Amino acid sequence: MLFLILLPVLFFDLIPDASADDGYRLWLRYDKIQDEDLRQDYLHQLRQIHYAGSSARIEKAKEELQRGISGLLAQKITFSDEPGNGPTLIAGTPESSPHIRSMELQGELRSLGEDGYLITRDRQNNIAIAASRDIGLLYGTFHFLRLLQSQQSLQDLDIKSAPQIQLRVLNHWFNLDGTAERGYAGGAIWQWEQLPDYKDPLYTDYARANASVGINGTVLNNVNSDALILTEGYLEKVKALADVFRPYGIKVYLSARFSAPIEIGNLSTADPRDPEVRRWWEKKANEIYSRIPDFGGFLVKANSEGQPGPQDYNRSHAEGANMLAKALSPHGGVVMWRAFVYSNEEPEDRVKQAYNEFTPLDGEFRDNVLVQVKNGPLDFQPREPFHPLFGAMPETPLMMEFQITQEYLGFATHLTYQAPLYEEVLDADTYAKGEGSYVRKVIDGSLDDKQLTGMAGVANIGTDRNWTGHPFAQANWYAYGRLAWNPELGSERIAEEWISMTFSNKEAFIEPVKEMMLASREIAVDYRTPLGLHHIMGYGSHYGPGPWVDEGRADWTSVYYHRADSSGIGFDRSTSGSNAVSQYHPPVKQQFNDIEKVPEKYLLWFHHVEWDYELDSGRTLWEGLVHHYYSGVDSIRRMQDTWESVEGYIDEQRYTHVARLLEIQEKEAAFWRDACVLYFQQFSGRPIPDAYPEPDHPLEYYQDPLNKYVPGL
């Protein structure tokens, strides 16, 4: 396929045509505030601006504030050398600013940690942005600009903000050939052939966007890694990116191929117990840190889907991770070891395999290892119960892995706001230490007193002009960053922020669009995998429906998961089935195990259910399944109506783009509905209820692939 290449002359801060906006600026648009009274009020309160101290991060904060105020308030600003007598914005640390020191904020700032900040008023009613470190001032500056963008009052400021999670990382599944696995917005944005000599300005804009939501790490390459990334030539390229990102508080990480000592080191083995292998990794770590002193560490996918790993040598995941961790430890680096492991040779239910492999290793990992766990036990499905590893490894830091790119949610053509998905998982109660042992407390370290904490998001960024393909997919990048900073923020608040910064501050636009976004994830589940169905997408590409897929290895087929037959449908994971329910703590197990108590959204995940089973609605299972599929498509049509109702509030370019994509989504949702209803009807032997129109075509029509050539493979 062809990939669009972003031209280096195009920057965030170019002044756009008022009638057009291509989406490149994301949520950092900084267009002039049209409310003249509010603009003048802001100008009055920002007559003087003083940033104390001098560092690369202070300079980036000042540049961002200059860019933001010049756009939002349509007035150039100058920075004063000292705090003035009039209304002043003062930014600094207690060490760099006598004025901040005089406010006696040191105790509060210490409690907020290295990245935290305060936005408050001093005794003279000046606005103060205070932090312990320069990175906090950068984050505080972005927060202050967010207040202006969303037209918030600057009176009575008393903002205290600190990240609840230490490592807030994007995982890019970029390949060295410029492609992006499961990327639906074009190719990889790193132009390896031009690095290290040419650093595309896009890299700076990428760093700005991430810093604005508190993301502080980026894994540059695919988890299905290529050992070449660890060679001298590529490490020079990695260093060039690290140099761009460093002033924005972003560390670079690399996906490390476990067999690299063989492939690029001329060794005969990659056995983690072999002394030569250990020395090779130690030398490699030294080499990396000699170029990149703040290198973050390694992400590793091992012994999963054909990737090499320690089990090739009859060693454990802990032994493999610890070998790398020992090499990184003198430099302060970490290992993020993925728990996404399963084997088609293992007869056990696939969703049980990660738990079975990792829980016996609890407490065996070095202190600088995090086990990176997907939000659910299968694979980023539209809905899964939370992964049972959360709450099951109290001696090991567990790092959440969410997918931002929409591998199973319509790629870059479907509007699916994923914050409700993330929130659903983060707010799930593991009961590991009784009621209130939420998943978010596992990953923020508070449940088990862990200092090393992290969250990863598989990025949806590519070379499309607007970064993410679908204009609304930008919201998922934004929401991931905000929830990584604070897992308790809430989907609604994040949506309001993003809409006001990205599109419009007008209430008549924000409210309907917010409601559309908040409903979109549930709608996506309805027309794909309602009532706990899962893994019924097209083979290989994962594009469109494929409940009939039955060839190849069993755990890559759809029939393995839905198990539809004449008696019913669903995977029996109760104590009388695969017993996956027993991997959860007793209160959760008891709920999931009981067909009368399990939430209906997980019904077919945990139970094989008869077609005439009565749902909470009074419908039979068959009738309820059909209802969800048809309701999902009808809801897309209501989304189209909502979008039509806000025409004129935003630029025509982005409005039209979203409208056309909603048309595609409606057609593809109808395809999903008709394909799945007809396929499952073969087993139910029951008619489609009269209230719903019959599909336009026979099943054979839908079994022809929806689109034979799709991106992201």
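The values are calculated or read from the model by the stated rules, or taken from the named source; none is laboratory data. Because the structure is predicted, anything quoted here is derived from the model rather than measured. Backbone-built Cβ (ideal geometry, glycine too); neighbour counts: all protein chains shown. When the accessible area is computed, the model is the full protein with side chains, heavy atoms only, and any ligands, DNA or RNA have been set aside. Shrake-Rupley method; radii C 1.70, N 1.55, O 1.52, S 1.80 Å.
Quick rundown of the values:
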quantity	calculated
Convex hull volume per residue in cubic angstrom - Cα atoms of segment 91-212	147 Å³
Rg ratio (alpha-carbon, reference 2.2 N^0.38 Å) - segment 389-533	1.11
515, 384, ranked by accessible area, largest first (probe 1.4 Å)	515, 384
Peptides 372-383, 96-107 ordered by average Cβ neighbours within 10 Å, highest first	372-383, 96-107
Per-bin percent of Cα-Cα distances, segment 92-144 [10 Å]	29, 61, 9
Share of Cα-Cα pairs in segment 349-474 lying beyond 26 Å, as whole percent	26 percent
Reduced Cα scattering model of segment 557-713, Debye log10 I(q)/I(0), q = 0.20 Å⁻¹	-1.22
Alpha-carbon centroid distance for the pair segment 537-554 / segment 235-299, whole angstrom	36 Å
Accessible surface ranking that places the most exposed of 228, 662 first, with a 1.4 angstrom probe	228, 662
Relative intensity, log₁₀ I(q)/I(0), of segment 550-621 from a Debye sum that treats every alpha carbon as a point, q = 0.19, 0.20 Å⁻¹	-0.79, -0.85
Whole-Å semi-axes of the ellipsoid equivalent to segment 240-279 (Cα gyration tensor, √5λ, descending)	31, 10, 8
Kirkwood Rh, angstrom, segment 527-577 [1 / mean 1/r, Cα pairs]	11.5 Å
Stokes-Einstein D for segment 257-392, Kirkwood Rh over Cα pairs, 37 °C, 0.692 mPa s (µm²/s)	209 µm²/s
Alpha-carbon spread of segment 510-644, three principal axes, descending order, Å	50, 37, 29
Relative contact order computed over the chain (Cα-Cα under 8 Å; 6+ residues apart), in percent	12 percent
Euclidean distance of C-alpha centroids, segment 361-416 and segment 614-641, integer Å	29 Å
Axial C-alpha extent at least 27 Å, average Kyte-Doolittle at least 0.0 - helices from the chain (DSSP)	507-526
More than 13 Å apart - percent of Cα-Cα pairs taken over segment 597-656	71 percent
Rounded to 5, the percent of DSSP beta bridges in the chain classed as antiparallel	25 percent
Qualifying GluC sites (Glu not before Pro) in segment 341-424, DSSP loop, other Cβ atoms within 10 Å at most 16	345, 348, 364, 395
Directionally averaged shadow of segment 641-698, computed from the convex hull of its alpha-carbon atoms, nm²	5.1 nm²
Rh (Kirkwood; distinct C-alpha pairs) - segment 33-92, Å	12.0 Å
Rh by Kirkwood over Cα pairs, then Stokes-Einstein D for segment 491-541 at 0.692 mPa s and 37 °C, µm²/s	256 µm²/s
Separation of alpha-carbon centers, segment 449-514 and segment 107-143, rounded to whole Å	23 Å
Estimated Rh, the chain: Kirkwood, alpha-carbon pairs, angstrom	26.8 Å
Distance histogram for segment 333-404 (every C-alpha pair counted, 10 angstrom bins, percent rounded to whole numbers)	20, 53, 25, 2
Volume per residue that the Cα convex hull of segment 513-553 spans, once the total is divided by residue count, Å³	82 Å³
Sorted peptide list for 160-166, 504-510, criterion being average Cβ within 10 angstrom, highest first	160-166, 504-510
Cβ crowding within 10 Å averaged over residues, with 666-673, 551-558, 49-56 ranked highest first	666-673, 49-56, 551-558
For segment 187-272, diffusion coefficient by Stokes-Einstein and Kirkwood Rh (Cα), 25 °C, 0.890 mPa s, µm²/s	176 µm²/s
Sequence of 190, 280 from largest to smallest accessible area, 1.4 Å probe	280, 190
Cβ-based net charge around residue 436, under 14 Å, with every Lys or Arg adding one and every Asp or Glu removing one	-3
Normalised per residue, the volume of the convex hull around the Cα set of segment 575-615 (Å³)	66 Å³
